[in-house]
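Working notes, beginning with the structure itself.
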Amino acid sequence: MTGYPEGVFRRRSASAATDSASAESASPEASEATQPKGYTPKKGVPTPKRRESETSPRRPVKAPETRKEAYRAYRDRLDRQRSKGVARSVPGAPKGEDARHFRPQDLSPARAYARDFIDSRRSASEFFLPFSILIILLLFVNNPTFQVGVAYVIWPLMMVTIIAEGVLVGRTVKKRATEYFPNDELLRGIGMYAAMRQLQFRRLRLPKPRVKVGEDPTPKSAR
């Protein structure tokens, strides 16, 4: 007599194993029915990590190897950013690749006329930068009298000429633009806009000139 009750170490029958398996399969549904409202059952699998769930994981960008490649990548990125904000249906914006050089303050019939007015004529202000460099070089001449003449005569004369020309051109452009486009939203500041464009080389102006020197800049609607 071992003291253990009869049947403790006896193997289960096939019917008992089947009953236990059916009870285990039905237990999740029964447990879900007894859970409170709003209960979310476990998914049974761990939540995937973000790196695993992304269909196209990010790849490291290849850094430019030379300074030339870095500058080219910078220019391409700058051109893409400029082209995104350009509405090509606005009057004054071309339909070609030059649209990427336009800023929001350039997209206006009045501003287009101001650019055409400046681009159709030559001015002393256009050569402000080379004149300034030339005057700086002349100051290195080892002649006190000549240096005084450059610093107190030539330099002030050039500045007065450029300022006077900018004021005159700004007033002319503003007057004519107001006459041609009285309802334009960008009339404010158009005189300064024209004067600042006049200080640039013709080949370096952006947006690029669309009229030749000596051509009439008057809009077709006002002729």
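Nothing in this text is a laboratory measurement; each read-out follows from the coordinates by a stated rule. Note that the structure is a prediction, hence the values are computed from the model and not measured. Cβ: placed from backbone, ideal geometry, glycine included. Neighbour counts: every protein chain shown.
If we scan segment 155-166, do we find a residue that is touching a residue at least 40 places away in the same chain (Cβ under 8 Å) and closer than 24 Å to R103 by Cα?
yes
Hey, could you check segment 114-170 for residues that are assigned to a loop (DSSP other than H, G, I, E, B) and among the polar types (S, T, N, Q) and say which is surrounded by the fewest Cβ atoms within 10 Å (Cβ to Cβ)? Outline the logic, then answer.
Step one: list which residues in segment 114-170 are assigned to a loop (DSSP other than H, G, I, E, B), which gives 120-124, 139-143.
Still in the list and also among the polar types (S, T, N, Q): 120, 123, 142-143.
On the way: S120: 17, S123: 17, N142: 6, N143: 10.
Looking at residues that are assigned to a loop (DSSP other than H, G, I, E, B) and among the polar types (S, T, N, Q), I get N142.
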Subject >> Residue list for segment 178-209, filter: under 25 Å from the mean Cα position of the chain (by Cα), assigned to a helix (DSSP H, G or I) and exposed (fewer than 15 other Cβ atoms within 10 Å of the Cβ) >> reply: M192, M196
**OP:** Find all pairs meeting these conditions: Cβ atoms under 7 angstrom apart; at least six residues apart or on different chains; first residue within segment 124-146 and within 19 Å of Q200 (Cβ to Cβ); second residue assigned to a helix (DSSP H, G or I) and not hydrophobic (A, V, I, L, M, F, W, C).
**Re:** A124/T161; A124/E165; S125/E165; S125/G166; S125/Q198; E126/Q198
